[in-house]
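Shown next, in structure tokens, is the structure this report addresses.
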Amino acid sequence: MSGFLFKKLHFKRMSKDIHKKAAGHFNSAVSLSKNLEENLKILREALGSSNDVIIREIKISPHSNVDAAVIYIDGLVDRNLLNHDILQPLMFNLQMIKDNASHNHTSLIDYIKSSVLNVGQITVVHDIDRVIAQVLTGHIAILAEGVSRALLIDAKGWETRRIEEPKNELSVRGSKESFTETLRTNTALLRRKIRDPHLTFQSLQIGERSKTDLSIVYIKGITPENLIEEINQRLQRIDTDTILDVSYIEQFIEDSPNSLFPTVGSSERPDVVVARILEGRAAILLDGSPMALVVPFLFIEGFQNPDDYYARPFFATLVRWIRLLGYLLSIYLPGIFVSLKTFHPELFPTQLLISVAAAREGLPLPVVLEALLMLLLFEILREAGLRMPRSLGQAVSIVGALVIGQAAVSAGLVGAPMVIVIATTAIASFLVIPYADSGTLYRFIMTVAGGLLGLFGIVLVSLEMLSHLASLRSLGVAYLSPVTPLNIRGLRDTFIRAPLWAMDSRPASLDSPDTKRQSSGQMPRPPKSSSQQGDTQ
Amino acid sequence: MKRKPGLVLILLIIIPVIISGCWDSIELNKLSIISGLGWDINAKTGKVTLTFQSIIPSEIKSAGGSSGDGGQKRGDPLHTIQLDSSTGSSAYDALNRYTQHSSRRTFYQHTQVYVFGRSAAEQGIYPFLDSIARNPINRPNVLMVVAEKKARDTLRVEDGMENIQAIGMAAQIKLSAEYSQYPVVTYLEFANRLISETTAPLAPMVGIIEQAGPEGDRVQKTRISATAVFKRDRMIGQLNEEESRGLLWAINKVKKGFIIIPGANLEIVSAKSKIIPELQDEKIKITITIDEESNLLEYDGHREISSNFLQELEKGQAREIESQVIAAVEKSRTLNADVFGFGEAVHRKYKKEWPVLKARWEEIYPYIEVVVKVKTHVNEIGEINKALIKD
């Protein structure tokens with residue numbers, strides 16, 4: 001199924017490209033000629049003189065009298081497969097066949113395809129651009145004298161990274177596998193979790209030069225058709241030479257490129273992606289990228305974590321509230337602290353005000369600058385800790401802790417309460433990773449607003465933020481749903497995490513054609529008889 | 001020249017930020033946080049003295065022992081507060097002069113108490129009340145206190161526990177109110193009573209006592225000694241301990257506390273009271289009903305606890321409560337000050353007749369018939385029901 005789609009779409013795309021630029025990067029020759037020399041000349045010209053391009057000329061046919069060539073990129077193809085399953089049959093086994101099939105070269109190629117090569121995926125192509133493109137993705141091409149067709153054998157076999165534990169999205173009880181850079185491995189990870197034949201990988205190639213493979217993953221009947229159409233349309237619009245990472249795609253297809261908030265989700269965990277797809281979303285996988293994009297992305301998703309569903313609902317609900325609290329703290333705490341100190345000291349409880357005022361005595365900087373300085377210092381430390389060679393990490397943390405925590409306070413540059421506030425904020429900002437970026441920006445904005453206008457400024461920025469959030473859409477779905485527009489059923493997975501047996505329907509805002517997830521009334525109950533037994537014992 | 005809309009937008013954003021700026025902002029270390037405010041009037045010259053008790057935050061830091069040079073000996077009793085007085089012809093005149101010897105702006109939002117010197121209270125505190133009410137920076141929940149002597153002296157008595165004296169004094173007043181000894185009166189409650197015209201405002205009175213300190217020295221302490229009764233804005237008298245309790249019974253302000261009757265002590269568990277006015281032929285009759293429940297705390301006799309005995313206890317209690325209320329009523333009659341708010345109770349029930357009554361309230365009040373009905377109940381008798389020593 002997917003192979004068929006792949007071919008169809010790919011062909012469409014290629015022919016479009018050819019129409020678009022008749023004189024492209026390669027020679028204008030579209031079809032293969034019958035002359036092998038000529039074909040090889042064109043290929044050599046197109047593929048250049050790089051030494052990883054191998055053009056191996058051999059003689060085939062039972063009488064070893066037909067010139068042929070095997071073309072591949074060294075390092076991209078599986079050498080074992082090349083030697084044992086392609087070169088050996090062609091050069092050795094073919095000669096042992098006494099049944100002289102035909103001297104006709106054209107039928108020779110068909111014969112090789114159907115009876116000689118013992119490999120899985122072989123396609124026959126007519127045009128030379130296709131040969132070039134496929135060789136560059138790790139196919140082996142076989143051309144023969146007097147045949148205007150080429151055999152393309154999928155022999156991808158390069159060094160890959162093993163499936164490893166997720167590095168960024170950790171889970172206590174969940175699976176310990178994460179996506180790798182190989183698209184095929186990633187699709188297999190998903191396929192292993194959903195054995196539904198309706199699970200579809202729609203393939204595309206993207207990037208004019210990089211020609212990166214991409215898969216749109218969805219389940220027919222669960223993911224709304226118009227979502228797939230919309231994704232396809234947005235992907236078709238991309239016209240760039242290189243897509244290095246799936247986040248390139250994110251920036252090309254997102255709904256609100258000017259928003260601070262992400263409207264495209266991403267995950268490195270197959271289980272998360274599968275769960276999202278089963279809710280009626282679609283995922284985008286890109287070769288070379290160990291992350292999957294998931295659309296549409298709703299605001300509440302940032303607060304959901306795989307462990308919410310693996311743990312029992314009560315604790316999961318508590319943790320979700322803690323995440324919400326942490327998010328609010330990470331945005332508001334410095335701003336509110338600054339505005340209370342500079343505009344509204346009456347809002348502090350008296351005893352707290354006295355200790356805050358005591359810590360404030362003799363500090364040289366105004367509170368706003370103090371807060372901004374500390375925020376900046378933290379961001380510097382964070383960035384340094386992230387980019388620094390691992391062996392130097394220790395130095396950063398020691399210097400950072402000493403400089404920020406100890407020395408700044410005892411030198412009388414920064415007040416201890418400010419250090420506590422900034423430290424709390426910093427830790428809290430990592431509770432909700434998807435919004436860590438936007439949270440940092442809003443934190444600075446809130447601090448400045450609180451320092452300039454007090455709580456009034458903070459309320460202003462909050463209103464702006466809320467109205468902006470309410471206006472956002474992710475592929476047509478309201479960003480704040482199911483909270484606003486309100487959907488009571490959808491609230492079962494927002495501020496509380498309802499038990500799994502109670503979440504019968506898929507999120508209504510995603511508009512899945514198959515709304516029912518499971519039959520209702522599955523609350524587990526112990527059988528009557530066994531409880532009576534328990535009583536009598 | 002053609003204007004670019006983007007530039008205009010940026011200017012529109014930047015200009016308000018710059019010109020509105022931080023004109024309202026204040027830095028904590030430029031503020032003098034006033035914890036208590038005193039009000040004295042010199043009887044001879046009529047000059048007003050404002051006393052500012054302000055917090056010295058840096059001293060609190062070292063007293064907290066967080067920095068290296070902490071552990072300062074608390075030899076200087078008032079090292080955490082600064083007491084500064086300023087004299088002028090009015091409250092704002094005095095405040096104005098205060099800026100001549102203060103390095104920081106005053107900050108009133110955390111003021112705990114307003115202390116009025118006795119002579120100032122007797123002369124009338126209206127100018128002060130007005131200046132407080134007019135300014136939005138003042139909070140309505142500041143406690144009103146009348147000093148037995150001068151406000152300034154009361155504000156400089158160290159509180160043994162709290163390092164800010166005014167916070168300690170406020171806590172002291174609240175604790176005594178919790179144990180139903182003297183009323184706690186906020187500025188708002190005071191003003192409300194003032195507005196009602198017939199009801200007399202109240203405030204606890206604070207005096208200074210001397211006790212032997214731990215090192216044999218004399219240590220001063222503040223002590224709540226009475227309830228000051230005002231007529232309009234002038235203090236006209238005071239209720240003593242018993243009368244104050246009687247007042248609290250009548251106005252439903254008793255929460256917990258002790259009842260001491262001969263031979264036994266009881267702890268109040270709950271108390272409720274109601275003032276029910278009745279108007280008959282131009283004569284006003286007020287019924288005060290009090291419902292009280294208590295636990296037995298101490299019994300000095302040797303009798304076994306029986307239902308008879310409990311009934312006696314309940315009766316004794318009721319008598320005690322009744323006599324307290326009657327004492328308060330008697331005192332208020334002699335002062336001719338409606339401390340209970342009888343007038344407001346009549347007002348609520350007899351709206352039509354009220355304007356006439358209100359005009360003559362001063363004449364009516366001393367002759368109002370007051371009936372006190374007390375219902376008491378002893379809930380628990382404690383862990384033992386037989387006396388340790390028998391007869």
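Just so it is clear, none of the values below were taken in a lab; they were calculated from the coordinates. If you're wondering where the values come from, they're calculated on a predicted model, not measured in any experiment. Using ideal geometry, Cβ is built from the backbone for each residue, glycine included, and neighbour counts are taken over all protein chains shown.
Quick rundown of the values:
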{"item": "Cross-link table B:30/B:150; B:231/B:331; B:285/B:358; B:47/B:231; B:231/B:351; B:174/B:256, entries beyond 20 Å C-alpha to C-alpha", "result": "B:30/B:150; B:47/B:231; B:231/B:351"}
{"item": "Sequence of A:124, A:409, B:269 once ranked by neighbouring C-beta atoms within 10 Å, starting from the fewest", "result": "A:124, B:269, A:409"}
{"item": "Residues with amide H under 5 Å from that of residue B:338, placed H, sequence gap 5 or more", "result": "B:200"}
{"item": "Residue A:122-residue A:376 pseudo-label distance in nm [points 7 Å out on the Cα-to-Cβ vector]", "result": "6.8 nm"}
{"item": "Anchor residue B:386: aspartates and glutamates whose Cα lies under 17 Å away (excluding residues fewer than 8 positions away in-chain)", "result": "B:298, B:300, B:304, B:312"}
{"item": "Two-site FRET efficiency, residue A:488 against residue A:170, from Cβ-Cβ distance with R₀ of 56 Å, rounded to 0.05", "result": "0.95"}
{"item": "Signed unit charges on C-beta, dipole axis of segment A:75-202, positive-most listed residue A:118, A:174, A:194", "result": "A:174"}
{"item": "Helix A:367-387 axis, angle to chain A major axis (alpha carbon atoms, nearest 10°)", "result": "30 degrees"}
{"item": "Taking A:92, A:297 and counting other C-beta atoms within 10 Å, the order from fewest to most", "result": "A:92, A:297"}
{"item": "Degrees between helix A:2-20 axis and first principal axis of chain A (Cα, 0 to 90, nearest 10)", "result": "80 degrees"}
{"item": "Residue-span extension gain [residue A:137 to residue A:196] - 0.36 nm each, minus C-alpha spacing", "result": "18.4 nm"}
{"item": "Pairs of Cα atoms farther than 39 Å apart, chain A, %", "result": "46 percent"}
{"item": "Unit Cα scatterers, Debye sum, segment A:378-527: log10 I(q)/I(0) for q = 0.15 Å⁻¹", "result": "-0.97"}
{"item": "Distance between segment A:139-153 and segment A:355-428 - C-alpha centres, whole angstrom", "result": "66 Å"}
{"item": "Selection of GluC sites (Glu not before Pro), segment B:259-360, meeting DSSP coil and at most 12 other Cβ within 10 Å", "result": "B:282, B:304"}
{"item": "Two-site FRET efficiency, residue B:138 against residue A:516, from Cβ-Cβ distance with R₀ of 51 Å, rounded to 0.05", "result": "0.20"}
{"item": "Positive-end residue of A:510, A:286, A:265, charge dipole of chain A with Cβ unit charges", "result": "A:510"}
{"item": "Charged-residue dipole, Cβ positions (Lys, Arg, Asp, Glu), chain A about Cα centre, Debye nearest 20", "result": "1040 debye"}
{"item": "Stokes-Einstein translational diffusion, segment A:310-477 - Kirkwood Rh over all Cα pairs, 0.692 mPa s, 37 °C, in µm²/s", "result": "188 µm²/s"}
{"item": "Test item: Cα-centred dipole of chain B, Lys/Arg +1 and Asp/Glu -1 on Cβ, debye", "result": "1880 debye"}
{"item": "Cα-based Kirkwood hydrodynamic radius, the protein assembly as shown, one decimal, Å", "result": "36.8 Å"}
{"item": "Rounded FRET efficiency, nearest 0.05, which uses the C-beta distance separating residue B:381 from residue B:272 and R0 of 25 Å", "result": "0.65"}
{"item": "Ranking of B:116, B:52 by count of other Cβ atoms within 10 Å, fewest first", "result": "B:52, B:116"}
{"item": "Nearest 10 degrees, 0 to 90: helix A:350-360 Cα axis against chain A principal axis", "result": "70 degrees"}
